[in-house]
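The values are calculated or read from the model by the stated rules, or taken from the named source; none is laboratory data. Since the model is a prediction, treat every value here as computed from it, not as a measurement. In this analysis, Cβ positions are derived from the backbone assuming ideal geometry, glycine residues included, and neighbour counts consider all displayed protein chains.
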Amino acid sequence: MSSEFRLSIHGQWSGRLAFFLAATGSAVGLGNIWKFPYITGENGGGAFVIVYLICIAIIGVPIMMAEIMLGRRGRLSPINTMALLTSEDNRHKIWRAIGWMGAIAGLIILSYYSVIAGWAMAYVVRMASGVFLASTTDGVNGIFTALTADPERLLAWHTIFMLLTTMIVARGVQHGLERAVRYLMPLLFVMLLILVGYATSTGAFLQGVNYLFSADFSKLSTESVVVAMGHAFFTLSLGMGAIMAYGAYLPKDVSIAKTSFAIAAADTLVALLAGMAIFPIVFANALEPAAGPGLIFQTLPIAFGQMDAGTLFGTVFFVLLVFAALTSAISLIEPMVAWLVENKNVTRIQAAVYMGLAAWVLGIGSILSFNVWSNVTWSIPGLFKDLTIFDTLDGLTANIMLPLGGLFIAIFAGHLMAEHKVKDEIQTHPTLYKVWFYLIRYVTPLLVIIVFLNLIKLI
Ligand code: PFF
């Protein structure tokens, strides 16, 4: 096989904007609106946010460029792209593990991602029914607890979300997706602005913003640094081949550097807006910032319950959140689906169904960890306490598998691939290229290793 430029058998984006929209659709999702606020709350606020932002800038953006570069060079599913590129440069087969580990991580993430997306779907119905109108914090809390305590309801929503994801993936990533992202993402952005506007009226806006941005590094634990780095990978969809898979469908003339900056900027903005909307509501209602995965479901309904036209806005907001989750979910199984189509003589539809089923079954473990199995936990003294199945799957993928995948990608792009090929794909301003190459060769891998070493020391 050679990597002379040819089109991917899975199709190609219609242009730069289409790729930007798809990759942003993958990046912006539950990670920004559901996960970022709650892990910020669990890790004490400002200092965590600063570490997260640093990780986005000097680990995330360089790795995103490397992933797109590898994907466009290989033009295949991440597993086969890595196989092709390793054999081209006579590298050891072990480097193919990047593709495999990523594909497996994607499947695991999707399994619990779909469960949480199911919560968002359930909230569309609850919002539309007006149950949150002028309801108390206890009332809002009760509605959330009742939902997560009911495995059958969670399973029903998880099933619907997985069906939708499978259907979209089966049709191929371009159709429908481009339109959804083009119109719905800007709308989600507007909804967040409306929420931030509401937050300014709560009387605790400054307290919320202060919590988000004023850093007290003495409160920052090693575990928080690991979580911040893991989240930088998670939120930008890096380290598992999602962006590599999308890079394979990228036309040759698109600038990898510019697009990566734009995607990272859009993703970060959405997360920060979500934080600015949520923390003022938390403080104004004397809620707990460290409430955990239920945080947005226990805060936003209070805001929607109080504002004018809150039922409408709230319904629209959760519909948009579900779409944001869908455009991320499809990128989570795209690597595996593309590989099955390439290697196993199955149609795209069959591949999507197999993978959808696998994620669905695995998701049942996460569903039960919020109720029947909530006591099934394990701990590592001094590091993790009482991890449920959901916590374990999330921690294993976001905090370990994705950064590890990213580390391998950085080493491969920075040290093992022939540099003229790398340069040929990246094609950007010479100084910018030098900065990127230096980062991906030395700084990015070193930082990931340092964070990992600290983690090991703790264990
Ligand atoms: N970036 C997505 C989010 O923030 O919700 C989640 C995600 C998608 C993670 C795709 C990893 C991935 F490959």
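With a cut-off of at least 3 residues that are away from the ligand (no atom under 16 Å from the Cβ) and in contact (Cβ under 8 Å) with a residue 24 or more places away in the chain, name the helices (runs of 4 or more DSSP H) lying wholly within region 20-99.
So the answer is 46-55, 61-74, 78-88.
How many residues are farther than 20 Å from Val115 by Cβ and buried (at least 18 other Cβ atoms within 10 Å of the Cβ) if we restrict to region 125-134? Can you show your working first?
If we filter region 125-134 for residues that are farther than 20 Å from Val115 by Cβ, which is where we start, we get 128-134.
Then keep just the ones that are buried (at least 18 other Cβ atoms within 10 Å of the Cβ); that gives 132.
Matching residues across region 125-134 total 1.
Mind listing whichever residues of region 36-70 are among the charged types (D, E, K, R) and buried (at least 24 other Cβ atoms within 10 Å of the Cβ)?
Glu67
Any chance you could count how many residues in region 118-145 are more than 23 Å from Pro289 (Cβ to Cβ) and either within 16 Å of the ligand (Cβ to nearest atom) or without any contact (Cβ under 8 Å) to a residue 24 or more places away in the chain (or both)?
5
Looking at region 144-151, is at least one residue under 24 Å from Asn32 (Cβ atoms) and either modelled with pLDDT under 95 or not in a helix (DSSP H, G or I) (or both)?
No: zero hits.
Answer yes or no: is there a residue in region 323-334 that is closer than 25 Å to Gly46 by Cβ, in a helix (DSSP H, G or I), within 16 Å of the ligand (Cβ to nearest atom) and under 15 Å from the mean Cα position of the chain (by Cα).
Scanning region 323-334, I find no residue that is closer than 25 Å to Gly46 by Cβ, in a helix (DSSP H, G or I), within 16 Å of the ligand (Cβ to nearest atom) and under 15 Å from the mean Cα position of the chain (by Cα), so the answer is no.
From Tyr198, Tyr249, Tyr211, Tyr183, grab the single residue that is of a type outside the set (D, E, K, R), over 16 Å from the mean Cα position of the chain (by Cα) and closer than 24 Å to Gly405 by Cβ.
Tyr249
Suppose we keep only residues that are of a type in the set (Phe, Trp, Tyr) and part of a loop (DSSP other than H, G, I, E, B) within region 348-373. Which one would you say is farthest from Gly106 (Cα to Cα)?
First pass over region 348-373, keeping only residues of a type in the set (Phe, Trp, Tyr): 354, 360, 370, 373.
Imposing the further condition that a residue be part of a loop (DSSP other than H, G, I, E, B) reduces the set to 370, 373.
Numbers: Phe370: 21, Trp373: 24 Å.
Per the criteria, the residue is Trp373.
Considering only residues that are assigned to a helix (DSSP H, G or I) and either more than 20 Å from the chain's Cα centre (by Cα) or among the small types (Gly, Ala, Ser) (or both), look in region 335-347 and name the one that is surrounded by the fewest Cβ atoms within 10 Å (Cβ to Cβ).
Filtering first and then ranking leaves Asn343.
Any residue that is part of a helix (DSSP H, G or I), of a type in the set (Gly, Ala, Ser), away from the ligand (no atom under 14 Å from the Cβ) and more than 18 Å from the chain's Cα centre (by Cα) - is there at least one of those in region 311-320?
Yes: region 311-320 contains one or more residues that are part of a helix (DSSP H, G or I), of a type in the set (Gly, Ala, Ser), away from the ligand (no atom under 14 Å from the Cβ) and more than 18 Å from the chain's Cα centre (by Cα).
Looking at region 300-316, which of its residues are within 18 Å of Leu193 (Cβ to Cβ) and touching a residue at least 40 places away in the same chain (Cβ under 8 Å)?
Leu300, Ala303, Phe304, Gln306, Met307, Gly310, Phe313, Gly314, Thr315, Val316
Out of Ser366, Ser374, I need the residue that is among the hydroxyl-bearing types (Ser, Thr, Tyr), farther than 30 Å from Gly74 by Cβ and buried (at least 17 other Cβ atoms within 10 Å of the Cβ). Which one?
Just one listed residue meets the conditions, Ser366.
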